[in-house]
Amino acid sequence: MSSGELVSADPSITLVELVDRLLDKGVVVSGEVTIAVADVDLIRLGLRVLLSSVETIEKQR
Amino acid sequence: MAAGRAEPADRGFYVYGIVGTERPELTGVTGVDGRSAVFMHEEDGLGAIVSEVPLAEFGEDALRRNLEELSWVAEKVRAHEDVLERAAREAPVLPLRFGTIYRSLDGLRELLTKERGQLATTLEELRGKREWGVKCVIDRERLGQAVHATDPRATQLAEAAEGKPTGTAYLGRKRLERHLGARADELATRLTTAAHERLAAVAHRAVSEGNAQLKAAYLVEEARDNEFRQALEELGREYEPFGIRFELTGPWPPYSFVGERTA
């Protein structure tokens with residue numbers, strides 16, 4: 001298969017995976033502007049709230 | 001919003017990743033700001049994948065504000081990932097954490113010079129390998145049924161609760177539920193640990209935030225991709241009766257194998 005395509009077709013799963021990787025992993029270098037850990041936690045929290053509300057909507061269908 | 005062309009002081013340099021002697025083609029690739037061209041900054045045999053960004057959007061304060069907007073985050077992490085995926089198709093890439101920005105190219109130069117040895121070594125290790133993400137999703141109800149069907153103690157407890165007065169039957173059912181819950185947890189942990197071991201055996205390196213709910217990343221040689229997928233498909237078939245399903249994502253640039261917490 002081509003190496004550019006992500007296997008997962010579910011955009012919400014992919015977004016969580018993206019945030020998990022891009023904001024929490026990867027090489028950390030001393031850039032002049034970088035994101036603080038507290039900001040990352042905030043994003044995760046926001047994502048969890050968003051995703052649980054999506055799940056609730058789907059269950060109510 | 002400032003109109004017209006921004007002054008150089010209003011711009012920063014967003015760094016996506018680092019490549020070694022093999023250079024990906026970046027012509028026509030657009031950066032996280034949606035307009036600036038992505039380019040290669042070369043330094044002493046290493047290349048940094050960079051694009052300019054407006055500090056009005058990516059400066060310290062702006063960045064903190066924007067990170068509270070999930071729609072902004074979603075758009076930008078996808079853009080960062082798109083750039084790296086393009087590059088990773090053609091060359092080994094060290095992915096940098098999202099939001100690494102330099103105010104001038106001097107800082108970036110210093111990084112590439114100072115960390116040269118370590119960066120080059122890691123790039124060499126990553127050659128020809130890609131990261132795959134595996135998560136398992138557990139259907140608790142089906143797992144519970146599977147436990148119930150095979151556990152003699154559960155049958156005993158269920159029989160004991162039958163035909164008893166309401167209060168006693170209720171307590172009996174509660175005891176059964178607790179028993180089944182604990183057994184289901186044990187079984188899930190045992191199965192997902194075994195799954196991780198089988199997948200890790202096909203991988204060059206593996207990391208797991210292991211518990212009952214497997215969440216792991218595998219660095220797999222491209223030549224062993226099929227083997228890895230086969231192992232996962234087999235696991236999927238074997239675990240289906242227990243209500244355990246695997247979710248595969250990737251291939252990813254090797255984010256999980258370049259940070260501090262790799263093992």
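Any read-out appearing in this document is the output of simple, stated calculations on the displayed coordinates, not a laboratory observation. Not measured: the values here are computed from a predicted model. Every residue, glycine as well, gets a Cβ built from its backbone with ideal geometry; the counts of neighbours run over all protein chains shown.
Once Lys and Arg get +1 and Asp and Glu get -1 on their Cβ, which of B:Gly243, B:His179, B:Ala223 lies farthest toward the positive end of the dipole of the stretch B:146-256? Selected residue: B:His179. Database remark: amide H of B:Thr100 closer than 5 angstrom to the amide H of B:Val15 (H placed geometrically; neighbours at sequence offset of 5 or more, or on other chains; Pro and chain starts carry no H).
When a/c is below 1.5 the answer is rounded, else prolate if a/b is larger than b/c, else oblate, so apply that to the stretch B:43-84 with a ≥ b ≥ c taken from the square roots of the Cα gyration tensor eigenvalues. The shape class here is oblate. Assuming a ≥ b ≥ c are the square roots of the Cα gyration tensor eigenvalues, decide whether the stretch B:142-222 counts as rounded (a/c under 1.5), prolate (otherwise, with a/b larger than b/c) or oblate. Taking the square roots of the gyration eigenvalues as a ≥ b ≥ c, the stretch B:142-222 is prolate. Summing charges over neighbours of B:Glu221, with a neighbour being any other residue whose Cβ is under 15 Å away from its Cβ, gives 0 when K and R count +1 and D and E count -1. Within the stretch B:129-185, the proportion of C-alpha pairs whose separation exceeds 19 Å stands at 41%. Residues whose amide H falls under 5 Å from that of A:Val27, counting only those 5 or more places apart or on a different chain, are B:Leu96, B:Arg97, with hydrogens built in the peptide plane. Taking B:Gly117, B:Gly128, B:Gly144 in turn, the Gaussian network model of chain B (Cα-Cα springs below 10 Å) assigns the largest fluctuation to B:Gly117.
Comparing mean-square fluctuations of B:Ala161, B:Ala48, B:Ala216 from a GNM of chain B with C-alpha springs under 10 Å, the top value falls on B:Ala161. Potential lengthening of the chain between B:Val137 and B:Arg89 amounts to 14.3 nm, from the contour at 0.36 nm per residue minus the alpha-carbon distance. Averaged over residues, the count of other Cβ atoms within 10 Å places the peptides A:24-30, B:110-116 in the sequence A:24-30, B:110-116, highest first. Distance between the pseudo-spin-label points of B:Glu227 and B:Glu68 (7 Å out from Cα toward the beta carbon): 5.1 nm.
Taking every lysine pair in the protein assembly as shown that is 8 or more places apart or spans two chains, those with Cα atoms closer than 27 Å amount to 15.
Screening chain B for whole DSSP H helices of 20 Å or more along their axis (Cα) with average Kyte-Doolittle hydropathy at least -1.0 returns B:70-88, B:166-202.
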